[in-house]
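Working notes, structure below.
The values are calculated or read from the model by the stated rules, or taken from the named source; none is laboratory data. Just so it is clear, the model here is predicted, and its values are computed rather than measured. Quick reminder, even Gly has a Cβ in these numbers, built from the backbone with ideal geometry, and neighbours come from all protein chains shown.
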Amino acid sequence: MLEIFCALVLVFMVFVSDALSQNIEKARQQGKVVVYSSMGSSDVNAVVRAFERKYPFIRLEPYRTSSEKTLVRLVNEHRARKYLGDVVTVDGIQAAVLKEHRILDGYVSKEAAHFSSQWQDPDGYWTAIHQILFVMAYNTRLVSQSDAPKRYEDLLLPRWKGKLGMDTEEYYWFGSMLEVMGREKGLEFMRRLAGQEPNFRKGHTLLTELLSAGEFPVSVAVYQHRVDEFLAKGAPVQWVLTDPLIGSPRHHISLLTGAPRPDAAKVFIDFMLSAEGQQVLRERGRIVGRKGIEPSNPKVKQAKIFTLPVSAEKYDQLIKQFQQHFKTY
């Protein structure tokens with residue numbers, strides 16, 4: 001019986017290996033893969049280098065812009081029946097819209113078995129590859145560790161009035177905080193936070209730069225990995241380990257409907273979900289979905305992470321609520 005089982009396993013492994021070889025050969029013939037992505041330019045460049053090092057016969061052509069602009073572009077191309085891209089990586093909110101419009105094609109990578117069900121579409125249209133964390137942060141030259149806010153409620157202290165940095169489009173964080181605090185308490189917190197007269201700027205990286213330069217002593221919500229990057233370069237910044245940390249919408253990867261180079265696309269998706277591809281994102285400070293790969297910052301390992309599930313309709317409601325409270329429009 002054992003001999004029969006081992007023989008069957010061997011046959012299966014040979015079959016899988018042969019199928020993979022055929023896919024790689026087809027991808028080689030296709031020669032390139034076009035990826036629409038909303039990841040940061042430096043992150044995309046790191047992915048390009050790693051992928052082309054492993055597959056030098058497949059050229060990776062990225063088209064990078066925001067998730068919202070990627071969504072608009074793909075919807076317009078789909079309506080015009082112009083199938084130019086092979087793969088898309090966007091946040092979950094936009095991925096849900098793309099799936100609804102049938103712009104995504106189903107593909108379940110063999111690597112998806114290493115991801116929990118929360119990081120996969122039950123219908124097989126996407127797998128989440130990474131997540132960003134929102135954190136409070138402060139300038140260590142302007143604020144001592146003992147005086148720094150420890151909880152979000154500390155931002156309401158009189159000493160921080162007019163001294164907080166905040167993004168003009170902090171919609172997802174806003175919705176997450178309402179869920180964590182409870183709606184009634186959360187709305188009261190936001191009302192009082194607006195009364196602190198935050199300094200609004202657009203862009204979390206810009207906020208981190210200004211925080212580092214001392215334009216304001218505390219930022220309400222910036223990207224944890226960006227703070228770590230600045231800290232590694234000697235900038236006077238530090239982030240606060242709150243309970244919980246707020247996770248961003250997870251970033252999804254999908255095969256596009258009508259992809260001109262489907263085999264090259266699948267090779268790229270497999271790579272991004274593999275341990276090697278996930279390590280590229282981990283080294284960029286991302287929280288990755290593949291089991292067994294821990295965050296690069298040990299401090300994050302201590303954290304509880306809250307991720308708000310949100311539809312496109314719910315997100316539109318959060319935008320209106322945020323703007324009503326903070327008058328950023």
Please identify the pairs in which a residue from segment 76-100 that is in the same structural domain as VAL44 (by TED's automatic domain parsing) has its Cβ atom under 7 Å from the Cβ atom of a residue that is aromatic (Phe, Trp, Tyr) and surrounded by 17 or more Cβ atoms within 10 Å (Cβ to Cβ), counting only partners at least 6 apart or on another chain.
-> GLY85/TYR36; VAL87/PHE268; VAL88/TYR36; ILE93/TYR315; ALA95/TRP126; LYS99/TYR125
Filtering segment 143-160 down to residues that are in contact with a helix residue (DSSP H, G or I) (Cβ under 9 Å, 6 or more places away or on another chain), crowded, with 16+ Cβ neighbours inside 10 Å and part of a loop (DSSP other than H, G, I, E, B) yields ALA148, PRO149
For segment 115-136, does any single residue satisfy the condition of being surrounded by fewer than 22 Cβ atoms within 10 Å (Cβ to Cβ), of a type in the set (Asp, Glu), at pLDDT 95 or above and not assigned by TED's automatic domain parsing to the domain that holds ARG191?
-> yes
Does ARG226 count as touching a helix residue (DSSP H, G or I) at 6+ places or on another chain (Cβ under 6 Å), in the same structural domain as ARG151 (by TED's automatic domain parsing) and over 30 Å from GLN22 (Cβ atoms)?
-> yes
Residue selected from segment 122-137 under the condition part of a loop (DSSP other than H, G, I, E, B) and within 14 Å of PRO249 (Cα to Cα), by the criterion nearest to the chain's Cα centre (by Cα) = ILE132
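Yes/no per residue for (1) touching a Ser or Thr at 6+ places or on another chain (Cβ under 7 Å); (2) loosely packed, with under 15 Cβ neighbours inside 10 Å; (3) at pLDDT below 95:
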residue	(1), (2), (3)
GLY85	no, no, no
ILE93	no, no, yes
VAL97	no, no, yes
LEU104	yes, no, no
Matching residues in segment 209-242 (surrounded by fewer than 17 Cβ atoms within 10 Å (Cβ to Cβ), more than 20 Å from the chain's Cα centre (by Cα) and in contact (Cβ under 8 Å) with a residue 60 or more places away in the chain) number 2
In contact with a Ser or Thr (Cβ under 9 Å, 6 or more places away or on another chain) and among the aromatic types (Phe, Trp, Tyr) - does that describe any residue in segment 253-270?
-> no
Of everything in segment 36-56 that's of a type in the set (Val, Ile, Thr) and closer than 12 Å to ARG284 by Cα, which residue is modelled with the highest pLDDT?
-> VAL47
